[in-house]
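The values are calculated or read from the model by the stated rules, or taken from the named source; none is laboratory data. Only a predicted model underlies this, so the values are computations on that prediction, with no experimental measurement involved. Because the Cβ atoms are built from the backbone with ideal geometry, glycine has one as well, and the counts that use them run over all protein chains shown. These area figures cover heavy atoms from the full protein model, side chains too; ligands, DNA and RNA do not enter into them. Shrake-Rupley method; radii C 1.70, N 1.55, O 1.52, S 1.80 Å.
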Amino acid sequence: MKTPGVSMQPDSLVLGSQDAVSSLSVSDFFSLSDLAIEYLKLSAVVSGVVLQLCPLTSVHAIQTQRCTMDLDGFPFVVLAYSSVLWVIYGAVTDDLPLVLTNVVGVIFGLYYVLIFETFCVQYLPRMRLRAYYQILTGLTALLIVCLLVCGSGPLFIHLLGCVCAFLQLVSYASPLCTLRTVLEKRSAASMPLPVSLSTFVACLFWLLYGVSLPDPFLAVPSFLGLLAASLQLYLSWVFRPYASGAFFFSGGTSSGKKSGRALQGGAGEWSRLSLPLPPSLVNESTSL
């Protein structure tokens, strides 16, 4: 018996409406997720490129002084070499954002190495460069042998990913090599704020992107780099060197005078990390 003024709907119609609403909500959710992933990819690429442009300040200082002062070319060499490996890894894993970011890294990394090589006239820094080239040549030979033996299968991709992740972590943590100097002098001038901030932002976006894939070879070094950048930002805040009127980027003074030591105390510290020379090169240098 019908109640006057009340329309009765079949149960199937009610269930169909609920399914339509449910399916609409799910589709909207996935479309929003896809949009967020696209923005995340774009943010990772932009932040990565900005980080790779940070050494331009050090390179400009080298060109201005027409010498490398006491800077080391290790971070420049690592940037160029690791970018090449990341391009290969991104091509193998079909990761377009990773390829695009590191193509820029290859171009600027080779430019940084070329400038450093041009103005590196001191014997020991040139010997260090020679040692870095030898180490990376040996690493390249090892990767080629693994490729020939294992093929381009999962084992080689994992090995390549491990090498890329290690080199990336070294690059992220390189400013921390001056941690002892920061604590002794109570000044974070050797940890330029723009580099630390760019590293923090890039690591954050690449960590989120690596987790979204998921790709541990992107996520793990980005997470550790995020921790290293957080420590650098904390030290920059506690021992901030910019209160005395120093330039934000160049490491100069408020009067505009830029001595070699001032440049070394600024963004040039990005390239202070160095490796010990092999015994053969040490003996060769001492004989001279």
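Summary of computed values
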item	result
Å² per residue, accessible surface of the range 108-148 at 1.4 Å	57
Loop-resident sites, the range 155-189, for trypsin sites (Lys or Arg not before Pro), counting at most 15 other Cβ within 10 Å (DSSP)	Arg186
Cα shape, the range 52-140, gyration tensor, a/c 1.5 rule	oblate
Charged-residue dipole, Cβ positions (Lys, Arg, Asp, Glu), the range 19-171 about Cα centre, Debye nearest 20	840
Percent carbon-and-sulfur accessible area, the range 121-171, ignoring ligands, DNA and RNA, probe 1.4 Å	77
Tyr123, Tyr81, ranked by accessible area, largest first (probe 1.4 Å)	Tyr123, Tyr81
Rounded Å value of the spacing that divides the Cα centres of the range 66-123 and the range 152-167	19
Tensor-based shape of the range 82-121 (alpha-carbon gyration tensor, a/c under 1.5 rounded, otherwise prolate or oblate)	prolate
Three-way shape call for the range 140-227 based on the alpha-carbon gyration tensor, with the a/c threshold at 1.5	oblate
